[in-house]
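Scroll down for the structure; my scribbles are underneath it.
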Amino acid sequence: MLFAVGNGSEMREFVNALVKSSENDIYKVAFGKNPYHKDGWGFVWISKDGLDYYKTSRPIFEDTKGVRKFLESLDGFGVLLAHTRAASQGTVNLFNAHPLVYSSPEGFNFWFYHNGDLDKQILIDMAGLDNEKLKDISDSYVLGLYLLSSLGSFSKDMILKKFREIVPVVRTTLNTASLFITPSEIKGFVTAYMVRERERDSLYKRYSRLLKVERENLFAIVSSTFEVYSELSFEEVKNRTAFYLTIDLENEKFEIEELTL
């Protein structure tokens, strides 16, 4: 997973790490899993000049044309979500690839991705949805549907409240990023959460933690394996941390509030 806001040219250095991590995630291998995040990938890039949204069921490390489009999109100041999927629930297809997008009747759109495993049935019940209709849908997509049905706004307090309600149904991690958009404003929300059992196990913790890069023109949250494939200096994000961002595309600036999930 990759969330970033700032100068797009500075984000290009993350793309190689995303591709290589998805093809050979050595931290995933360490606890007996295959090395791949191969079950689809995608990105959304938003700047004051427009929006590029791309996703596919192909692995990122086999999608040369898609990666080229990705790199070409990162121009000027903007905000980025990018994700490669290793499916745990839901069929492997274009529909279930991330980032996912939703339109709220409350007057905003949001893009969303999630890494981890959730109790899908409880989420379905929480959202009052039909289990049979959602049998081939990922738990991450159902999480987005729950947010769609329950978020009356995307204020900091409202979003934090709803994500805290999700914590009890997390089986592994709730590592997420969201972008909430109206015609006049953009907010970002990022979560770094793993269950206590994972936090106590050194191999699972190494895999599940998130990393941060923060400098004058860039703020980014990435998966742990990026440190293997990048020479950047990363800071580990403390478990149960959330970030709420106010993003001003026109004036090319952003503000970050750090919260506790």
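The values are calculated or read from the model by the stated rules, or taken from the named source; none is laboratory data. Bear in mind that the values here come from a model prediction, so they are computed numbers and not experimental data. Neighbour counts run over all protein chains shown; Cβ positions are idealised from the backbone, glycine included. Note: accessible area is taken over every heavy atom of the protein model, side chains too, but ligands, DNA and RNA are not part of it. Shrake-Rupley method; radii C 1.70, N 1.55, O 1.52, S 1.80 Å.
All but one of (1) assigned to a strand (DSSP E or B); (2) open to solvent by less than 70 Å² (accessible area, probe 1.4 Å); (3) in contact (Cβ under 8 Å) with a residue 40 or more places away in the chain; (4) of a type in the set (Ser, Thr, Tyr) hold for residue 9, so report the exception by its number.
(1)
Could you tell me whether the range 129-140 includes any residue that is crowded, with 22+ Cβ neighbours inside 10 Å and either aromatic (Phe, Trp, Tyr) or without any contact (Cβ under 8 Å) to a residue 40 or more places away in the chain (or both)?
No, the range 129-140 contains no residue that is crowded, with 22+ Cβ neighbours inside 10 Å and either aromatic (Phe, Trp, Tyr) or without any contact (Cβ under 8 Å) to a residue 40 or more places away in the chain (or both).
Yes/no per residue for (1) free of Cβ contacts under 8 Å to residues at least 40 places away in the same chain; (2) open to solvent by less than 30 Å² (accessible area, probe 1.4 Å); (3) polar (S, T, N, Q):
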residue: 52; (1), (2), (3): yes, no, no
residue: 55; (1), (2), (3): no, no, no
residue: 60; (1), (2), (3): no, yes, no
residue: 65; (1), (2), (3): yes, no, no
residue: 69; (1), (2), (3): yes, no, no
residue: 78; (1), (2), (3): no, yes, no
residue: 82; (1), (2), (3): no, yes, no
residue: 115; (1), (2), (3): no, no, yes
residue: 121; (1), (2), (3): yes, no, yes
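If residue 220 satisfies all but one of (1) open to solvent by 30 Å² or more (accessible area, probe 1.4 Å); (2) in a strand (DSSP E or B), what's the number of the condition it fails?
Against the list (1) open to solvent by 30 Å² or more (accessible area, probe 1.4 Å); (2) in a strand (DSSP E or B), residue 220 comes up short only on (1).
Could you tell me which of the residues 75, 136, 119, 130 is closer than 22 Å to residue 190 by Cα, out of contact with any Cys (no Cβ under 6 Å at 6 or more places or on another chain) and of a type in the set (Asp, Glu)?
Selected residue: 119, the only one of 75, 136, 119, 130 that is closer than 22 Å to residue 190 by Cα, out of contact with any Cys (no Cβ under 6 Å at 6 or more places or on another chain) and of a type in the set (Asp, Glu).
Taking only pairs six or more apart or across chains, which ones have beta-carbon atoms under 6 Å, a first residue in the range 159-177 that is within 15 Å of residue 208 (Cβ to Cβ), and a second residue that is part of a helix (DSSP H, G or I)?
173/208
So, in the range 84-108, exactly how many residues are among the charged types (D, E, K, R) and exposed (fewer than 15 other Cβ atoms within 10 Å of the Cβ)?
1
Are any residues in the range 182-217 among the β-branched types (Val, Ile, Thr), crowded, with 18+ Cβ neighbours inside 10 Å and within 24 Å of residue 109 (Cα to Cα), and if so, which ones?
Once the filter is applied, which keeps residues that are among the β-branched types (Val, Ile, Thr), crowded, with 18+ Cβ neighbours inside 10 Å and within 24 Å of residue 109 (Cα to Cα), the range 182-217 yields 186, 190, 191.
Considering only the range 160-169, I want to know if a residue exists there that is open to solvent by 20 Å² or more (accessible area, probe 1.4 Å) and more than 27 Å from residue 4 (Cα to Cα).
The answer is yes; a qualifying residue exists.
Since residue 45 meets every condition but one in (1) open to solvent by 50 Å² or more (accessible area, probe 1.4 Å); (2) in a strand (DSSP E or B), which condition does it not meet?
(1) is the only condition that residue 45 fails.
Is it fair to say residue 29 is touching a Phe, Trp or Tyr at 6+ places or on another chain (Cβ under 9 Å) and not basic (Lys, Arg)?
No, not satisfied.
Those residues that are open to solvent by 30 Å² or more (accessible area, probe 1.4 Å) and either farther than 16 Å from residue 7 by Cα or at pLDDT below 95 (or both), I need them from the range 223-249; list them, please.
227, 228, 229, 231, 232, 233, 234, 235, 236, 238, 240 - these are the residues of the range 223-249 that are open to solvent by 30 Å² or more (accessible area, probe 1.4 Å) and either farther than 16 Å from residue 7 by Cα or at pLDDT below 95 (or both).
Is it fair to say residue 73 is of a type outside the set (Val, Ile, Thr), in contact (Cβ under 8 Å) with a residue 40 or more places away in the chain and either open to solvent by less than 20 Å² (accessible area, probe 1.4 Å) or touching a strand residue (DSSP E or B) at 6+ places or on another chain (Cβ under 7 Å) (or both)?
yes
Within the range 175-217, which residues are under 24 Å from residue 19 (Cα atoms) and not in a strand (DSSP E or B)?
193, 203, 204, 205, 206, 207, 208, 209, 217
Need pairs with beta-carbon distance below 9 Å; first residue farther than 25 Å from residue 17 by Cα and within the range 232-261, second open to solvent by less than 50 Å² (accessible area, probe 1.4 Å) and in a loop (DSSP other than H, G, I, E, B); sequence gap 6+ or separate chains.
252/76; 261/174; 261/193; 261/239
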